[in-house]
There are 2 protein chains.
Amino acid sequence: MIRGIPSTMNDDYQLNMTRIIQHAAKIYPKREIASRTMAGMFRYNYAKAYERICAIANALEDLGIKAGDVVGIMGFNTHRFYESYFSVPGLGAALLELNMRLPPADLSYVAEHSGAKALFVDDLLLPMAEMLAQQHEFEFFVVMSDRKVETKLDPVYSYEELVERSKKEREWEEIDEKSTATICYTSGTTGKPKGVYYSHRSIYLHAWGGVANLKIGTEDCVMQIVPMFHANGWGGHIGGTMVGAKLVFPGFFTLQNADLLVNLIIEEGVTATNAAPVILIPMLEYLRKIEPKPNLEGLRIGSGASEPPVAMMKGFAEFGVEIIHAYGATETSPLVTLNFVKPGLELSEEEYWELKRYQGLPVLGVEVKVVDANGNELPWDGKSMGELWIKGLWIAKEYYDDERTKDSFVDGWWKSGDVAVITPEGYVKVVDRVKDVIKSGGEWISSVDLENYLMAHPAVYEACVIAVEHPKWQERPIAIIVLKPDYRDKVTKEEIREFLMQRFAKWQLPDDIIFVNEIPKTSVGKFDKKLLRERYRKYLIEKVK
Amino acid sequence: MIRGIPSTMNDDYQLNMTRIIQHAAKIYPKREIASRTMAGMFRYNYAKAYERICAIANALEDLGIKAGDVVGIMGFNTHRFYESYFSVPGLGAALLELNMRLPPADLSYVAEHSGAKALFVDDLLLPMAEMLAQQHEFEFFVVMSDRKVETKLDPVYSYEELVERSKKEREWEEIDEKSTATICYTSGTTGKPKGVYYSHRSIYLHAWGGVANLKIGTEDCVMQIVPMFHANGWGGHIGGTMVGAKLVFPGFFTLQNADLLVNLIIEEGVTATNAAPVILIPMLEYLRKIEPKPNLEGLRIGSGASEPPVAMMKGFAEFGVEIIHAYGATETSPLVTLNFVKPGLELSEEEYWELKRYQGLPVLGVEVKVVDANGNELPWDGKSMGELWIKGLWIAKEYYDDERTKDSFVDGWWKSGDVAVITPEGYVKVVDRVKDVIKSGGEWISSVDLENYLMAHPAVYEACVIAVEHPKWQERPIAIIVLKPDYRDKVTKEEIREFLMQRFAKWQLPDDIIFVNEIPKTSVGKFDKKLLRERYRKYLIEKVK
């Protein structure tokens, strides 16, 4: 790194969380925050939120929490979780956002590994906290509740009583921007969770990037649907605070409560939110049932976690809603790409919607590249398939105290495990997971591409493409297909093969197509490719014999 | 400063200028940049601009420029000046933006004080450069021109020849974000210019703040009207680059060329620009002459340097143009406040326009306070008048190698020299300059407020209010008034006094009103308050005797 003349600017003025909430409280004191609790809708504003944040920080300090400590939190998206984003980091401590959906063994691993000293918990989750308390020793607990609750946790404090009895103002110390403010652990499917420790700097720059790219302003109303323990809830509530937008927290809900979210959008006047297609699809279904048809013109929804179906994006467009595909992961804060259709592309309507499915354009502050198996960068030609590597202002450079860092990071790049192509216009399209892609000779073949196309065949009910060993090409694809009942024994391998040839080159076609009655699934309902690969590993080799 | 747990994020990934242009060149390669030169409209794009930036950086390196060096530039707003914003800082060197309107003695002081090694100069400004070259020894010169020119400068290179002969790509080294990227010297009315050295970090965060607050996107077309040597041209071209907006550089123009700017807005489809009222007023006049009436719906203009007249803002609104009052100075990069009317204020139309004249709300990343003569913070009550102090991510903390730093900075706060009030809603209103405000006992009286109100009296042609010595109150105001010819000798002091009493408290009224035939002016046409204060200094003391 080279150094020029030291500047005369205040370059030691730190990017930190405290400044964000102080700014909102001073400049947008009366702007509303609405939080759906078990006791009904709680409404207050930035000035009041700041007072409560001061109070909780003062209380935590009295209870012995100091810079460098870790405070866990297990809760839903409410104003109390929101306040914790500022009260805990404001002390120089770190907020550990526990994912209550993790298996208990993983939860206790996370508590132990991070050395959490205290735990904030929503009353609804007390049983889970009581279980966790048997695995990891916390110094104290704080229950977030609107009512009196019974618990075995000890010593235990009521969040509201701490607010009540503590001073509502505070002189905050300046915090080094490279200090950890919040912590999320990945919920990887294999092995123990891995710790991503977000800095004040990375959270600030990430959220401000979201504000700039999504054009969020104080006139907006931002609803926080994504759980705040998933990569800081994608930063929506932080960005909203930066510009003094109205905030809405939906509290506890499940995938069955899409109606509740839609009603909040309409009643509170939400103009910006983030969510995954898994919840957006039932939201759209509910939206279609409302009479008269609602007009949600101006609402932008960042959609991530999986590819947004075109039908879903078109469906929302009928209500005036724009779906913006966003891509990222816990390791990336998460914003890596956003899908904006650039001016001057000259697309047909079909091409437009096809492009909207892509992961999108890398945002300023983040660099991406696709690399081959040897780590060599591949061209942005829309064809060269490689692992997507990511680097930037809010991208992890390691896992906390974890030997697996060396498997996932190289020279500041995070190896995403996703296989992607990048178009000449800079659009990233993820085509597979590295572990599922077929490495045939020097070329990579996307199992997902083949599967998606196969699923479009009228006779196909389910299709799964996996790599199996091959004596010459190392790996070759085979397709495992379940036909729809009406088509069983009526469709041949050759017909399927010809169908695929309309889209794929010959070398990309599966070496064999196997019809089965059922494809084995994992506990979350995905194809169990690991089992299938095991089962068919020697299939082609034996066939050749 | 307290430190927490070191994060796992890439907090050493530097905020710097090179990343901005690289991002634009990769993600928005074909987006247009239009530059008005003496040879006509030059059109290219971010990909081509980046190649030329690489070429100039390579050429400068061959000529011996390295990290820590200073390269001066004297030019108008063209693509070449724009390119220099990246080529020079990309080497770790600093771009010294010379204000060609400074007196020659000040220009040579700036060149000497900064130790500039080389000078880029527009061909139109060669005579000025030749003069400067006699005062300060440069190692070499680069002439920015579309034609062959004769010059006494030696050794001299042609910018275009350097581009031509140099490699169009480059591996850039990582630069410490706290290194100086560009330099502007203030053009203070008293004393030598003072050096403000902007860091890569401060420029990046400032420009990104502009993008977020003004909602600039790639679909925008940004015209750079403000000279790029005035506080980095307020950062418009940098923010535009960050999001890949179309850029327009108007080249050489004077205040008489308002038509040229308006025509560019219409022809190029400009949607965002910055300018001072001094040029916006004639632009509006020209706009009104165009048939058929142009529709500029969507155009936002940041207006700074002086308060935008309501008539001007209303005039632009008739064409669909929004004027956004912005406030700042060389020391503040310059963005301190932006005037947005917050939701929920419930204003009458008159109040709305009155509010739009205010300097506006501090943006995220900047703190402001008003302080009394002892540096004690005053309340945000819209009444308490004090000096406006400013601190933040892109605010200077000192002047470069200058003893006057101690007069202008305290604990990281820059003392703006402006007297302001801040409303309970956070709106800053500048009411005077500290040197012109009347310090009467413990209270401050705004000379500007009194002047503005006096000027509204039908008989008053010009009014100037100054502080003069007072035996009891230290200072008291007196008003010096020129009546319109028709009213001379027909209006009494008492009538003027009664007029003022409609608006001001008794203690704020001038102790005397003096009718004169002419008020002395400075070379730039402002009231010469220094001379007047000198002339009337003992006026009240002698009167009391």
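Here are the numbers for the structure shown:
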quantity	calculated
14 Å cut-off, amide nitrogen to a point 7 angstrom out along residue A:310 Cα→Cβ, residues in the range A:326-348	A:347-348
Euclidean distance between Cα centres, the range A:303-318 to the range B:178-256, Å	38
Amide proton proximity set for residue A:360, modelled H, under 5 Å, gap of 5+	A:428
Probe 1.4 Å, all protein chains present, accessible-area order of A:299, B:255, largest first	B:255, A:299
Modelled label reach - residue A:530, point 7 Å along Cα→Cβ, the range A:460-491 residues with backbone N closer than 18 Å	A:465-468
Accessible area (Å², 1.4 Å probe, nearest 10) - residue A:484	80
Separation in nanometres of the label points that stand 7 Å from Cα toward Cβ, at residue B:372 and residue A:219	4.1
DSSP beta bridge pairing in chain A, given as percent antiparallel to the nearest 5	55
P(r) histogram, all alpha-carbon pairs of the range A:74-183 included - 5 Å bins from 0, percent	2, 11, 22, 24, 21, 12, 6, 2
Residue B:494/residue B:439 FRET efficiency (R0 22 Å; Cβ-Cβ; nearest 0.05)	0.25
Backbone HN-Hα couplings from phi across the range B:265-282 [Karplus 6.51/-1.76/1.60, Hz, Gly and Pro as x]	4, 6, 5, 8, x, 5, 10, 8, 7, 10, 6, 8, x, 4, 9, 5, 5, x
Rounded Å value of the spacing that divides the Cα centres of the range A:488-545 and the range A:1-80	53
Anchor residue B:30: aspartates and glutamates whose Cα lies under 14 Å away (excluding residues fewer than 8 positions away in-chain)	A:346, A:425, B:51, B:219
Cut-off under 5 Å, modelled amide H: who pairs with residue A:94 long-range	A:68, A:69, A:70, A:71
Value of [θ]222 nm, deg cm²/dmol, for chain A, DSSP H segments ≥ 4, -39500 (n - 2.57) each, nearest 500	-9000 deg cm²/dmol
Per-pair calculated FRET efficiency, R0 = 22 Å: residue B:102 and residue B:407 via Cβ, rounded to 0.05	0.55
Residue B:136 accessible area, 1.4 Å probe, all protein chains in place, Å² to nearest 10	10
In the range A:135-220, the GluC sites (Glu not before Pro) that fall in loop regions by DSSP, at most 11 other Cβ within 10 Å	A:137, A:150, A:169, A:171
Descending Cα extents along the principal axes, chain A, whole Å	78, 59, 57
Vicinal HN-Hα couplings computed from phi for the range A:87-101 (Karplus, 6.51 cos²θ - 1.76 cosθ + 1.60; Hz; Gly/Pro x)	5, 6, x, x, 8, x, 8, 10, 8, 8, 8, 7, 8, 5, 8
Hull shadow area, averaged, the protein assembly as shown [alpha-carbon convex hull, nm²]	50.2
Filtered GluC sites (Glu not before Pro), the range B:323-398: DSSP coil and at most 11 other beta carbons within 10 Å	B:346
Residue A:461 paired with residue B:503, simple spin-label distance in nm, labels 7 Å along Cα-to-beta-carbon	8.4
Reachable aspartates and glutamates, given that their alpha-carbon falls under 19 Å from the alpha-carbon of residue B:293 and they are not under 8 places away in the same chain	B:259, B:267, B:268, B:285, B:318, B:322
Other protein chain Cβ atoms within 10 Å, averaged over every residue that makes up A:10-20	6
Charge sum, other residues only, whose C-beta stays under 14 Å from residue B:217's C-beta, Lys/Arg counted +1 and Asp/Glu -1	+4
Gain on full stretching of the segment that runs from residue A:293 to residue A:48 - 0.36 nm per residue minus C-alpha separation	84.6 nm
Descending semi-axes in Å of the range A:391-545, equivalent ellipsoid built from Cα gyration tensor	32, 18, 17
Shielding by partners, peptide A:24-36 (average Cβ within 10 angstrom, other chains)	3
Local electrostatic count, residue B:369, Cβ distance below 12 Å [Lys/Arg +1, Asp/Glu -1]	-2
Rel. contact order, % - alpha carbon contacts under 8 angstrom, at least six apart, chain B	9
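The values are calculated or read from the model by the stated rules, or taken from the named source; none is laboratory data. Everything numeric here is computed off the predicted structure, so don't read it as measured data. Methodologically, a virtual Cβ is constructed for each residue, glycine included, from the backbone with ideal geometry; neighbour enumeration extends over all protein chains shown. Remember, those area values only see protein heavy atoms, side chains included, never the ligands or the DNA or RNA. Shrake-Rupley method; radii C 1.70, N 1.55, O 1.52, S 1.80 Å.
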